[in-house]
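Novice: Sharing a structure below in structure tokens format, with a few things to ask.
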Amino acid sequence: MKTQVFTISDPRMSDDALAYAGQVIRQGGLVVLPTETVYGLGGDGTNPEAAAKIYAAKGRPSDNPLIIHIADPEDASLYAHTTQLYFALAKAFMPGPLTVIMPKRDNVPASVTGGLDSVAVRCPSHEVARALIRASGTCIAAPSANLSGKPSPTDAAHVIQDLDGKVDVIIDGGECDIGLESTIVKIMQDAQGEPYLTLLRPGAITHDALCCVCERVDIAPAVSEKLAENERPLSPGMKYRHYAPTAPLVLLDGEQDAVLDFLRTEQTLKKCCVLCYDEEISALSGGTLIPIGARDDLATQAKRLFAALRESDATDAEIIYAHLPPMQGLGLALYNRMIRAAAHTVLKI
Ligand code: TXA
Ligand code: MG
């Protein structure tokens, strides 16, 4: 298949390209679209054949459900059984990097939801994504546009690396603003019938922010802990190894100076690649360094993490080191991605 690449930064400037890409979706084809979180591999969310093509292009197990993307928060009711809590979340955070899981309606095929009776719905804030959804006249099912197991793409170059020749169209919208996938919550009900949320995947909408809208927000254990062998997670995606570079990634937990001393020694012994803080560059001039942002700047670290993991994979390092992120605020999202990329290997210094 020949993949066409369109560069669109302003959706009003490119009505023709969007109309064409919308038609590709409507006809069951695949279009990679930019979003504010990461790039998505999109197909018609109501068409089982499009879903099958998505799984095949990604090399993804078909029991791992897809998120459907809508242009306006109210459209969720077309595909899911929405509740008051959904609309409270929508008012606070949509359009934006939040995905909500609710009971699905019949028009969402089982192949999109991996056979589950719930569906994940998200209204992205990226204007190109919203314009494409409108142009397609349907909802767009889209997992992250990486090959299964690779870091999510935050730039069109990553998408081309993974999916050139496997999709009809790639829309290049430049670098993604946030760089980590959306926060995922599931709407639950307690024994008294009161609604509450379970956080399945942390992202830029933080636990604290969610707590401002809903009194009870549980955090699924798989967010920060290793699943036991054969344990069934609340979200199928949690059981898969993810984002992992070929060389082992080790996360370092310790005092700033002790960690720097450790790294300097390691650099004399091994081919190391270090995902370091910007202010550490001069102290660690020895081996391969990939700066991911200032120590206190979690937003920049989030934005650069996946590109840094891809970059580290392209070096000849035998081992990759990074700092263990804090588990608060946006740090929890970084922690969740990095701990999985490191297969839970943390070295206490
Ligand atoms: O930011 C994002 O969410 C990006 C962009 C493209 O929107 N999409 C994304 O999709 O990260 P994906 O497929 O890579 O991750 C979706 C996760 C998977 O771990 C999947 O298991 C989970 O959401 N999921 C989807 N539907 C679910 C459901 N009904 N119940 C539980 N988990 C679900
Ligand atoms: Mg993904």
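The values are calculated or read from the model by the stated rules, or taken from the named source; none is laboratory data. Small disclaimer: the values here were computed from a predicted structure and weren't measured. Positions of Cβ are generated from backbone atoms using ideal geometry, with glycine treated the same way; all protein chains shown enter the neighbour counts. These accessible areas exclude ligands, DNA and RNA; they are computed on the full protein's heavy atoms, side chains included. Shrake-Rupley method; radii C 1.70, N 1.55, O 1.52, S 1.80 Å.
Novice: Please enumerate the residues belonging to the stretch 67-90 that are closer than 19 Å to P195 by Cα and either among the aromatic types (F, W, Y) or surrounded by 15 or more Cβ atoms within 10 Å (Cβ to Cβ) (or both).
Specialist: Hits for the stretch 67-90 are A76, S77, A80, T82, T83, L85, Y86, F87, L89, A90.
Novice: Follow-up. When only residues in the stretch 116-137 that are open to solvent by 20 Å² or more (accessible area, probe 1.4 Å) and more than 10 Å from ligand 1 (Cβ to nearest atom) count, which is nearest to R201 (Cα to Cα)?
Specialist: S125
Novice: Follow-up. What residue, among those in the stretch 104-115 that are open to solvent by less than 20 Å² (accessible area, probe 1.4 Å) and of a type in the set (A, V, I, L, M, F, W, C), is nearest to A80 (Cα to Cα)?
Specialist: Among those residues, the one meeting the criterion is V108.
Novice: Which residue pairs have Cβ atoms closer than 6 Å, lie 6 or more positions apart in sequence or on different chains, and pair a first residue in the stretch 149-164 that is β-branched (V, I, T) with a second residue that is within 11 Å of ligand 2 (Cβ to nearest atom)?
Specialist: T154/V38; T154/F306; V159/Y39; V159/A145; V159/P153
Novice: Report those strands (runs of 3 or more DSSP E) wholly inside the stretch 64-150 carrying at least 1 residues which are modelled with pLDDT of 95 or more and small (G, A, S).
Specialist: 118-122
Novice: Just give me the residues in the stretch 91-103 being open to solvent by 10 Å² or more (accessible area, probe 1.4 Å), among the aliphatic types (A, V, I, L, M) and out of contact with any Cys (no Cβ under 6 Å at 6 or more places or on another chain), in sequence order. Don't jump to the end; show me each part of the working.
Specialist: Within the stretch 91-103, the subset open to solvent by 10 Å² or more (accessible area, probe 1.4 Å) is 91-95, 97, 101, 103.
Now restrict to residues that are among the aliphatic types (A, V, I, L, M): 92, 94, 101.
A92, I101, listed by residue number.
Novice: Do the conditions hold for A142, that is, is it of a type in the set (A, V, I, L, M, F, W, C) and either crowded, with 21+ Cβ neighbours inside 10 Å or within 15 Å of ligand 2 (Cβ to nearest atom) (or both)? Let's see the steps before the verdict.
Specialist: Details: of a type in the set (A, V, I, L, M, F, W, C): yes; either crowded, with 21+ Cβ neighbours inside 10 Å or within 15 Å of ligand 2 (Cβ to nearest atom) (or both): yes.
Answer is yes for this residue.
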